[in-house]
Each structure stands twice: as C-alpha cells, then as structure tokens.
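Below is one structure, written out as structure tokens; comments come after it.
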Amino acid sequence: MIYTSYLQSIQQERFFSRQYFIQGIDLIGTAIRGSDSTTALRLIEYYSRLALSKQDAELFLILNTVLSGDTRKTLEARDKNTLGNYPFAVDAMKEIGALLKTQSLKRKDLSAAD
C-alpha cells in the first residue's frame, strides 16, 4: 500500500509539473505572437533551466515546439550577448539538437530494418 501511494505521488507530481511546463510554453508562444521577443527569451531561459534540471527528454521536445524563426536564430547565434543573457536556453538548444539527432538516427535504423 505504501509503495502504491509513493508511485501515485510521483505520477501526480510529474503530471502537475508537465501541466505547469505546458502553461509556460503557452506564455512563450503568446509573447512571440505579440512580438515581445525580450519576454519570450526570458521565459525560454526560465523553462530551459527547468528542463535541464529535470533532464526529461519530453520537456525538451515540448520546449522545442515554440523555438522557431527569429527566436531560434537568436539562440543558435551563441554570441557573447546570447551566451551571457540566456545560458540555460543555449544549453537547452544543444540538448534538443542532440535529442533530435538521436531520434532521427533511430528512425533511420528502423527504416533500414524494414
């Protein structure tokens, strides 16, 4: 019984963490649509830090859904300003890139096996 309660509490914590994270991604999207790139980048920095602290591939993939256009270009530039102001976002971009590469290679391996 105690073990079941423990597992349920872990699942609940994960569910609520995901909900919180998804709400944050929605805020980022709202800022981007409103052309408020500074707010968007600050929010991306915060949610990147959360994703990095959890090291959960799904959080990186969720974060990747809002990283496009000028926002992505800014973070991929990795200039002195970007590295100084958004270090967690830059690190998250590296993680996302590695994750997408791994997933791509797995898909290729599956296709080759067919």
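Bear in mind that the values in this text are calculations on the coordinates, not laboratory data. Given the structure is predicted, the values throughout are model-derived calculations rather than measurements. Every residue, glycine as well, gets a Cβ built from its backbone with ideal geometry; the counts of neighbours run over all protein chains shown.
Peptides 10-18, 27-35 ranked from most to least packed by the mean count of surrounding Cβ atoms within 10 Å: 27-35, 10-18.
Couplings 3J(HN,Hα) of region 27-36, computed from phi: 4, 4, x, 5, 5, 5, 5, x, 6, 9 Hz, in residue order, whole Hz [Karplus 6.51 cos²θ - 1.76 cosθ + 1.60, θ = phi - 60°; x for Gly and Pro].
With contacts defined as alpha carbon pairs under 8 Å and 6 or more residues apart, what's the relative contact order of the chain in percent? Rounded, it is 23 percent for the chain.
Each residue of region 63-69 is assigned a 3J(HN,Hα), and the resulting list reads 4, 4, 5, 9, 8, 8, x Hz, derived from the Karplus form 6.51 cos²θ - 1.76 cosθ + 1.60 (θ = phi - 60°), x at Gly and Pro. Once the Cβ-Cβ distance of THR4 and SER53 is raised to the sixth power relative to R0 = 25 Å, the FRET efficiency obtained is 0.35. Computed from backbone phi, the HN-Hα couplings of region 93-104 come to 4, 5, 4, 4, x, 5, 5, 5, 5, 4, 5, 4 Hz, rounded to whole numbers (Karplus: 6.51 cos²θ - 1.76 cosθ + 1.60, θ = phi - 60°; Gly and Pro given as x).
Potential lengthening of the chain between LEU99 and TYR20 amounts to 26.2 nm, from the contour at 0.36 nm per residue minus the alpha-carbon distance.
Among the trypsin sites (Lys or Arg not before Pro) in region 59-102, those located in a DSSP loop and surrounded by at most 16 other Cβ atoms within 10 Å of their own Cβ are ARG78.
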